[in-house]
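Asks: My questions will all concern the structure given below.
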Amino acid sequence: MAELTREKLFAIKPGTPDGEIYSRIKYKWDHLSKPIDAFGDFEEAVCRIGAIRNTDMPKLDKRSLLVFCSDNGIVGEGVSQTGSEVTFQVARMLGKGVSSANTLAKSVAAECIPVNVGIDTDEDIEGVRACSRRRGSRNFLKEPAMTEEEVLYAINAGMELAGELAGKGSDILLTGEMGIGNTTTSTALLCLLKGCDPDEVTGRGAGLDDEGLKRKKAVIAKAVSIYGGKAYNSEKEKAFEALCSVGGYDIAAMCGTFIGGAVYGLPVVIDGLISSVAALVAEMMVPGCREYMLASHGGREYGISGILESLGLKAFINGNMALGEGTGALMLLPLLDTVLAYYLNASTFVQGGIKEYERFS
């Protein structure tokens, strides 16, 4: 794995998706046998995917889900209903092809690739890619969660996996994660980056009771008091330092995947809260990444809507979901497949001898 430094990371400048191709796809949409903008945001999605892939005949035949698995030291503060051993157990299920993400991936013909970027184990997990430098992050109430070197390693792992999959012909990447405690790390990170009130954006994660939620909010508030209020020279520095302070290896690796998608010209689908925070960090460190992102669903955690708004993205699904593992991202694929099939195969009004609708705005 090639070494990544902070300077190299901040120097990355993604290209811009092809605006001419975007316009060509939009023109074709307007001349198909339907009212103008009848498919709403899905027409925009096809335009964006084509512009990213540099073709007005885009396809999504080869789709790859990366599920980054990692443990979080903050679990020691009682912020989760279950213990960190569940991360290993679910990762093992992912490796065997029997977890939630595997089941959904098979139904939508997607490749599911679980990756160990920081599980608390020395065991090689069958079927899981090994990209770990440490057995879980540190308890961020006692010390920063990760070192600069560790964060850069995880970001680089995500970037290199994006490059590898691009080289193998992937048309679209999906992001997922598995790590007990990662709604705490991601919410703490969101509060540091956007100045959110922990009382307003902290959710129950995988099912905390009222006492557990109160404890989780207090932990995040304390983290903000420890690491917040610092002055930085740039948004890039702020995002990187916050990631080191309270983030997780799964967030860092997904951040790398979003950056890699922008570098290698692939659309990357955001899943839920953890993935959304990773997308936000990626955009802050490498501006322009958001042009390559698609948001799958709104999710149950409170912070997602604000993140997507700041990224200028809309979620396509509002199903009150909170499963993780990239499952929401997978559920977007059949919707994209359906609207893309229409775009590629529908007749025009001209072919039917019918007067076309006109665009007035």
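Each value in this text was obtained by applying a stated rule to the coordinates, not by laboratory testing. Note that the coordinates shown come from a computational prediction; the quantities given were computed from them, not determined experimentally. With ideal geometry, Cβ positions are generated from the backbone for all residues, glycine too; neighbour counts draw on all protein chains shown.
Asks: Of all residues in the range 165-211, which are in a helix (DSSP H, G or I) and more than 22 Å from GLU143 (Cα to Cα)?
Replies: Within the range 165-211, LEU165, ALA166, GLY167, ASP199, GLU200, VAL201, ASP210, GLU211 meet the criteria.
Asks: Identify the single condition in (1) in contact (Cβ under 8 Å) with a residue 60 or more places away in the chain; (2) at positive phi; (3) surrounded by fewer than 20 Cβ atoms within 10 Å (Cβ to Cβ); (4) not aromatic (Phe, Trp, Tyr) that VAL86 does not satisfy, given that it satisfies every other one.
Replies: Unmet condition: (2).
Asks: Regarding PRO114, is this residue surrounded by fewer than 24 Cβ atoms within 10 Å (Cβ to Cβ) and in contact with a helix residue (DSSP H, G or I) (Cβ under 8 Å, 6 or more places away or on another chain)?
Replies: No: the conditions fail for PRO114.
Asks: Additional query: Sort out which residues of the range 7-48 are out of contact with any strand residue (DSSP E or B) (no Cβ under 8 Å at 6 or more places or on another chain) and hydroxyl-bearing (Ser, Thr, Tyr), and write them in order of number.
Replies: Scanning the range 7-48 gives THR16, TYR22, SER23, TYR27.
Asks: What is the residue count in the range 120-138 for residues that are out of contact with any strand residue (DSSP E or B) (no Cβ under 8 Å at 6 or more places or on another chain) and closer than 14 Å to GLY179 by Cα?
Replies: 3
Asks: While we're here: Which residue is surrounded by the most Cβ atoms within 10 Å (Cβ to Cβ), if the candidates are limited to the range 185-244 and must be at positive phi and under 23 Å from the mean Cα position of the chain (by Cα)?
Replies: GLY205
Asks: Then there's this: Restricting to the range 213-244, name every residue that is more than 26 Å from ALA295 (Cβ to Cβ), in a loop (DSSP other than H, G, I, E, B) and not aromatic (Phe, Trp, Tyr).
Replies: Within the range 213-244, GLY228, GLY229, LYS230, ALA231, ASN233 qualify.
Asks: Answer yes if at least one residue in the range 120-141 is within 29 Å of ILE220 (Cβ to Cβ), of a type in the set (A, V, I, L, M) and outside any loop (DSSP other than H, G, I, E, B), and no otherwise.
Replies: No: zero hits.
Asks: Same structure again: Tally time: how many residues in the range 52-83 are crowded, with 17+ Cβ neighbours inside 10 Å, under 20 Å from the mean Cα position of the chain (by Cα) and not β-branched (Val, Ile, Thr)?
Replies: Qualifying residue count, the range 52-83: 11.
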